[in-house]
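First the structure, in the form of structure tokens, and then the observations on it.
Coordinate-derived values only; no laboratory data. Quick caveat: nothing in here was measured; it's all calculated off a predicted structure. FYI the Cβ positions are ideal-geometry reconstructions off the backbone, even for glycines, and counts take in every protein chain you see.
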Amino acid sequence: MDQETDPRTALLLFCFLEDGSSDNKDLQEELTTLKSCLTPSCGIPAEEDDVQSDGHICCNPRQYLDELQPQALPLQRGDIIDEEAVRIVAGELVQIADQLERTVIFQATFWNLFRNLQNRPEENWKFCLSREVEKMLHGGLTQSLDQLPKERLMLALTFTFVKGVCQHAPNMLQRLFRTALQYVHNFS
């Protein structure tokens, strides 16, 4: 994973993708593979005694929960990320995603993104994702969603697009996961 990628964002995206994906066996397999790659390489500082008996690493983004501003909260050596707190934030983003998915504009934008990702090389995916998120931010939101903080909306849109694409094409998960983290890093 990219050295500049915030491990809290990676964990948040992973939790978001994991939520409600149990009915898609191919996606579940890809998530399992991603999880095995994510934990050791996501930059979460861990000593030997930070590893739990079930193999999970202790984690805690207490500060991260306040307005989801990872750029203002550098991860210091020895910081831990509370996976449960991240799951709570992911759950909040899932609720926003549920509202997004019900809009006709989102559906049209999603299918446009899906086609673009399939027809373009991976190095262009961040641009495609960015363009579709911007389209939604500038005219595709309901009034209730328009009231949310921009960064939270951008996270929800990005994560929802990634999850939707991966539900239809699970084999794109790892590459799109990296692309989404790069994109989020650029706007955070």
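Can you compute the FRET efficiency between N124 and V104 using 1/(1 + (r/R0)^6), with r the Cβ-Cβ distance and R0 = 30 Å? Round to the nearest 0.05.
Working from the Cβ atoms, E equals 0.70.
Calculate, in nm to one decimal, what F187 and N24 gain on full extension: separation in residues at 0.36 nm each, minus their alpha carbon distance.
Stretched out fully, the F187 to N24 stretch lengthens by 55.6 nm.
Under 8 Å for C-alpha pairs, at least 6 residues apart: give me the relative contact order for region 102-188, rounded to a whole percent.
Result for region 102-188 is 35 percent.
Output ³J(HN,Hα) for region 13-27: one whole-Hz value per residue in order, computed from phi by the Karplus curve 6.51 cos²θ - 1.76 cosθ + 1.60 with θ = phi - 60°, and x for Gly and Pro.
Running phi through 6.51 cos²θ - 1.76 cosθ + 1.60 with θ = phi - 60° gives 5, 4, 4, 4, 5, 5, 5, x, 9, 5, 7, 10, 4, 5, 5 Hz.
Cross-link partners among lysines for K135, C-alpha distance below 19 Å, same-chain residues fewer than 8 apart left out?
Straight-line reach from K135, under 19 Å: K126, K150, K163.
May I ask for the net charge around D23, where only other residues with Cβ less than 15 Å from the Cβ of D23 are counted and Lys, Arg are +1 while Asp, Glu are -1?
-3
Just rank D6, D82, D23, fewest to most, by other beta-carbon atoms within 10 angstrom.
Lowest to highest Cβ neighbour count: D23, D82, D6.
Quick check: pseudo-label points 7 Å beyond the Cα along Cα→Cβ at L148 and I88, how many nm apart are they?
Spacing of the two 7 Å Cα→Cβ label points: 1.8 nm.
Determine the sum of side-chain charges near L137: Lys and Arg each +1, Asp and Glu each -1, restricted to other residues whose C-beta is under 13 angstrom from that of L137.
Its environment carries a net charge of 0.
So, in nm, how far is label R131 from label S36 when the simple model puts each one 7 Å beyond its Cα toward the Cβ?
3.6
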